[in-house]
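Trainee: Mind having a look at this structure? Questions to follow.
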Amino acid sequence: MAVLKLEGITQEFGGLRALDSVSLEVEAGNIFGIIGPNGAGKTTLFNIITGIYTPTEGNLFFKDEMITNTSAYNIARLGVGRTFQNIRLFGKLSVLDNVKVGSYGITSSSFFSNLLGLPKAKREEKLVTEKSLELLELVGLVEVRHEYADSLAYGDQRRLEIARALALEPSLLLLDEPAAGMNSSEKLELMELINGIKEQFDLTILLVEHDMNLVMNICDLIAVLDYGKKIAEGNPVEVKSDEKVIMSYLGVEI
Amino acid sequence: MEGFLLQFIDAYYLRILVIIGINIILALGLNLITGVTGQLSMGHAGFMSIGAYTAAILTLQFGLSFGIALLGGAVMAGLFGFLIGIPTLRLEGDYLAMVTIGFGEIIRVFFLNFELGGKATGLYGMTKYTTFTTVWILVIIIVLLNAKLLKSRHGRALYAIRENEIAAEAAGVNTTLMKVLAFTIGAFLAGLAGGLYAHYMGYIAPKDFAFMKSIEILNMVVLGGMGSIPGSILGAFILTIAPEMLRIVDEYRLLFYGALLVILMIFRPNGLLGNVRIYDLKKRFRKKEV
Ligand SMILES: Nc1ncnc2c1ncn2[C@@H]1O[C@H](COP(=O)(O)OP(=O)(O)OP(=O)(O)O)[C@@H](O)[C@H]1O
Ligand SMILES: [Mg+2]
């Protein structure tokens, strides 16, 4: 089943066409890579999928439900979690509170039941704390749970973003350059983490990443964007040998 | 209670304690909007005046009981907060500040021309129902509920909006709704404080709720530390007492007041209790022990 389907997505910023009728289908249980040179429109695509922008043209579907005009918080509540390329943590909240906020979209205790400290609210709060601690354990940040998020090292901040996104219990997880700024041993750990959470939480993952080694290693399928257009799609072997891809993107690296 | 307290302190100090209590309620309301949620609001005195006039008219003209009048004033102010919040909270930073300054001024000018409110003379002759006990019982209730709110999922969502609005949305927070909620509660509390003030002084006039009053409340929040409940309480204490103590230096009062704020902002830019957590204090303490 296609978890995510994009049909002819076009996004214009003034005169700039950041995305040019991009169509994609992401199957459940896949790790789907999106690569392309700087400014190709990868982050813009993520912003459209998560409802930060409404596309100029085209439609998108999440599990067969049209979400083209759905607001960002509602898309999150449907089960689409994400991390950000330019880290967006709640800097002056504790590491633990960052993850707890992440579960906002799947919790339901009402404003007044919290004010009055009703049993339902207390139970939910306890559950949220337990789950958040488990996620911090998973990404190796449980020791620093009381620190401010903005006091963490860069790599730790990236992993905290992943833990926060997982707190939403998403079925689709979008990772925007999760390895940026990490050294090679951190990248190896990250690869394991991504594979691990995919199995554990039964995720479909959309991954934007410049590290070709990582992308080729963990992705089942890859789409290549260039100047807002999808120029290729296929498994890692196919994409690596694609003429257009080598010319526009990989050629620069090799 | 008052009689009992008066055996220990004189009426002047009791009066200051009552004003401190009212200011704490004002500061806690604005703290929710500006300190916690990060929406710079500079017209808080406007909501206070709506509560003050509504409550005063309800007791004076309609002969309603003090409790009902207080609630009426608070609800009316909360309603205005809600109605103004919906269109304005889409604005950010400086724009929101300007719109809220404008709101405060419009309300003041409205009361200057409001027949039922006595125009520039204001309203007088209200029975002084507000006592030390009423004010401080309300302060305690509000502090407790406020603390509960900030520890809940909704409170965390409000802080998250201040820290990063887009990330908050991505976590499933309806940021517009939550901002309007904070604005409404903050306005409700200002209205409550207004009703208490009106029935403590016995008279009110538009000039009591001018722009400087909004700035004074904002100063309490900023001085104490944005988003901190103990901070807002401390800020309200200091900024109520300071002008009284500075009476000695009379005409240089404003100068001292300003200088005090500047110095504090240099040495503690996050406010006196901003970013101070029990956890950090404990950690520091432990380190010293080792
Ligand atoms: N909000 C915006 N307003 C105007 N232009 C934008 C906006 N967001 C993105 N762009 C432009 O759209 C194009 C695509 O940007 P995008 O961030 O999606 O690229 P990217 O593929 O993520 O690049 P990188 O690899 O550097 O992260 C760029 O030219 C960028 O300047
Ligand atoms: Mg990008």
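The values are calculated or read from the model by the stated rules, or taken from the named source; none is laboratory data. If you're wondering where the values come from, they're calculated on a predicted model, not measured in any experiment. A quick note on method: Cβ atoms are made from the backbone with ideal geometry, for glycine too, and the neighbour counts reach across all protein chains shown. The protein model used for the area step is the full one, side chains on, heavy atoms only, and it has no ligands, DNA or RNA in it. Shrake-Rupley method; radii C 1.70, N 1.55, O 1.52, S 1.80 Å.
Trainee: Accessible area drop of at least 40 Å² (1.4 Å probe, protein heavy atoms): which residues of the stretch B:147-166 qualify, relative to the chain alone?
Mentor: SASA drop of 40 Å² or more in the stretch B:147-166: B:LYS148, B:ARG153, B:HIS154, B:ARG156, B:GLU163, B:ASN164, B:ILE166.
Trainee: Mind putting a number on the dipole of the stretch B:2-210 about its Cα centre? Charges go on the C-beta only, +1 for Lys and Arg and -1 for Asp and Glu, and I need it in Debye to the nearest 20.
Mentor: In total the dipole reaches around 260 debye.
Trainee: Under a point-charge model restricted to the Cβ atoms of Lys and Arg (+1) and Asp and Glu (-1), what is the dipole moment magnitude of the protein assembly as shown relative to its Cα centre, in debye to the nearest 20? Display every interim value, and only then the final one.
Mentor: Values: 47 positive and 52 negative charges, 462 e Å.
The dipole magnitude comes to about 2220 debye.
Trainee: Can I ask one more? Can you pick out the pairs among B:LYS148/B:LYS179; A:LYS63/A:LYS240; A:LYS120/B:LYS179; A:LYS126/B:LYS148; B:LYS128/B:LYS179 whose Cα atoms lie more than 23 Å from each other? Let's see the in-between values first.
Mentor: On the way: B:LYS148/B:LYS179 18 Å; A:LYS63/A:LYS240 30 Å; A:LYS120/B:LYS179 25 Å; A:LYS126/B:LYS148 15 Å; B:LYS128/B:LYS179 35 Å.
Too far apart for the 23 Å limit: A:LYS63/A:LYS240; A:LYS120/B:LYS179; B:LYS128/B:LYS179.
Trainee: To continue, here is another question. Identify all aspartates and glutamates with a Cα-Cα distance to A:LYS229 below 19 Å; exclude those on the same chain that are fewer than 8 residues away in sequence.
Mentor: Those aspartates and glutamates meeting the cut-off are A:GLU7, A:GLU12, A:ASP20, A:GLU25, A:GLU57, A:ASP176, A:GLU209, A:GLU238, A:ASP242, A:GLU243.
Trainee: Carbon-plus-sulfur fraction of the accessible area of chain A, 1.4 Å probe, in percent? Mind showing how you got there, number by number?
Mentor: Values: 5560 of 11000 Å².
The computed percentage sits at 50.
Trainee: Given the Cα-Cα distance of A:GLU130 and A:THR54 and 0.36 nm per residue of separation, how much length would full extension add, in nm? Numbers along the way, then the final one.
Mentor: On the way: separation 76, 0.36 × 76 = 27.36 nm, distance 3.57 nm.
Stretched out fully, the A:GLU130 to A:THR54 stretch lengthens by 23.8 nm.
Trainee: Can you compute the modelled spin-label distance between B:MET245 and B:PHE82, with each label point 7 Å from Cα toward Cβ, in nm?
Mentor: 4.2
Trainee: I need the shape label for the stretch B:2-210. Rule: rounded when a/c is under 1.5, else prolate if a/b > b/c, else oblate, with a, b, c from the alpha carbon gyration tensor.
Mentor: In terms of gyration-tensor shape, oblate.
Trainee: Taking each residue of B:136-143 in turn, how many C-beta atoms of other protein chains fall within 10 Å of its C-beta, and what is the average?
Mentor: Numbers: counts 0, 0, 0, 0, 0, 0, 0, 0.
Counting Cβ atoms of other protein chains within 10 Å of each residue's Cβ and averaging gives 0.
Trainee: What FRET efficiency, computed as 1/(1 + (r/R0)^6) with R0 = 22 Å and r the Cβ-Cβ distance, is obtained for A:THR10 and A:GLN85, rounded to the nearest 0.05?
Mentor: On the way: r = 21 Å, r/R0 = 0.98.
Plugging the Cβ-Cβ distance into 1/(1 + (r/R0)^6) gives 0.55.
Trainee: In addition: What residues in the stretch A:114-129 lose 40 Å² or more of accessible surface when the other protein chains are added to their chain alone (1.4 Å probe)?
Mentor: A:ASN114, A:LEU115, A:GLU125
Trainee: Using modelled backbone amide H atoms (1.01 Å from N, in-plane), which distant-in-sequence or interchain residues come within less than 5 Å of B:GLN39's amide H?
Mentor: Under 5 Å from the amide H of B:GLN39: B:THR34.
Trainee: If you don't mind, there's one more thing I want to ask. Per-residue mean of other chain beta-carbon atoms within 10 angstrom of the beta-carbon, peptide A:93-104? Don't skip to the answer; put the middle values down first.
Mentor: Values: counts 6, 2, 0, 0, 5, 6, 1, 5, 13, 6, 4, 11.
Average per residue, whole number: 5.
Trainee: Now, a different point. Using the per-residue mean of other Cβ atoms lying within 10 Å as a proxy for protection, in what order, highest first, do the peptides B:261-272, A:88-99 fall?
Mentor: Numbers: B:261-272: 13.6, A:88-99: 22.9.
By packing density, highest mean first, the sequence is A:88-99, B:261-272.
Trainee: Using Cα springs under 10 Å in a Gaussian network model of chain B, which residue among B:ALA205, B:ALA236, B:ALA147 shows the largest mean-square fluctuation?
Mentor: Of B:ALA205, B:ALA236, B:ALA147, the most mobile in the Gaussian network model is B:ALA147.
Trainee: Roughly how big is the B-A contact, given as buried accessible area in Å² (both sides, 1.4 Å probe, nearest 100)?
Mentor: Values: alone 15000 and 12410 Å², together 24510 Å².
The contact between A and B buries close to 2900 Å².
Trainee: Which value, in Å to one decimal place, does the Kirkwood hydrodynamic radius take for the stretch B:150-208 when every pair of different Cα atoms is included?
Mentor: On the way: mean 1/r = 0.0746 Å⁻¹.
Radius from the Kirkwood sum: 13.4 Å.
Trainee: May I pose another question? Pick out, from B:LEU17, B:GLY235, A:LEU188, the residue whose Cα sits farthest towards the positive end of the charge dipole of the protein assembly as shown, with +1 on the Cβ of Lys and Arg and -1 on the Cβ of Asp and Glu.
Mentor: Value computed over the given set: B:LEU17.
Trainee: Let me ask something else. Sort out for me the Cα centre separation of the stretch A:151-209 from the stretch B:96-147, rounded to whole Å.
Mentor: Cα centroid to Cα centroid, the span is 50 Å.
Trainee: Which whole-number percentage describes the relative contact order of chain A, with Cα contacts under 8 Å and a sequence gap of 6 or more? Walk me through the numbers before you get to the answer.
Mentor: Working: 466 pairs, mean separation 67.6, N = 254.
Rounded, it is 27 percent for chain A.
Trainee: Counting each pair of different Cα atoms once, what's the Kirkwood radius of the protein assembly as shown in Å, rounded to one decimal? All intermediate terms of the calculation are to be shown ahead of the outcome.
Mentor: Values: mean 1/r = 0.0386 Å⁻¹.
After inverting the mean inverse Cα-Cα distance, the result is 25.9 Å.
Trainee: Given the options A:LEU93, A:LEU136, A:GLY105, identify the residue whose Cα lies farthest towards the positive end of the charge dipole of the stretch A:86-168 (+1 on Cβ of Lys, Arg; -1 on Cβ of Asp, Glu).
Mentor: After comparing all options, I get A:GLY105.
Trainee: Any idea of the accessible area per residue across the protein assembly as shown, 1.4 Å probe, to the nearest Å²? Intermediate values should be presented prior to the final figure.
Mentor: Working: 24510 Å² over 544 residues.
About 45 Å² of surface per residue is accessible.
Trainee: Can you work out the FRET efficiency for the pair B:THR131 and B:GLU92, with r the C-beta to C-beta distance and R0 = 56 Å, to the nearest 0.05?
Mentor: Details: r = 42 Å, r/R0 = 0.75.
That gives a FRET efficiency of 0.85.
Trainee: Another one. 7 Å from Cα along Cα→Cβ at both B:ILE16 and A:HIS146: what's the point-to-point distance in nm?
Mentor: Spacing of the two 7 Å Cα→Cβ label points: 3.7 nm.
Trainee: At 1.4 Å probe size, with the rest of the protein present, what percent of the exposed accessible area of the stretch B:2-210 is carbon and sulfur atoms?
Mentor: On the way: 5860 of 8300 Å².
Answer for the stretch B:2-210: carbon and sulfur cover 71 percent of the accessible area.
Trainee: Measuring from label point to label point, each 7 Å out along Cα→Cβ, what is the B:GLU105 to B:GLN61 span in nm?
Mentor: 2.7
Trainee: Name the residue farthest towards the positive end of the dipole of the protein assembly as shown from the options B:GLY35, B:PHE111, A:MET216, assuming +1 on Cβ of Lys and Arg, -1 on Cβ of Asp and Glu, about the Cα centre.
Mentor: Result: B:PHE111.
Trainee: Grab the beta carbon distance between B:LEU177 and B:ASN113, set R0 = 56 Å, and tell me the FRET efficiency rounded to 0.05. Don't skip to the end; give the middle numbers.
Mentor: Working: r = 34 Å, r/R0 = 0.61.
The computed FRET efficiency comes out at 0.95.
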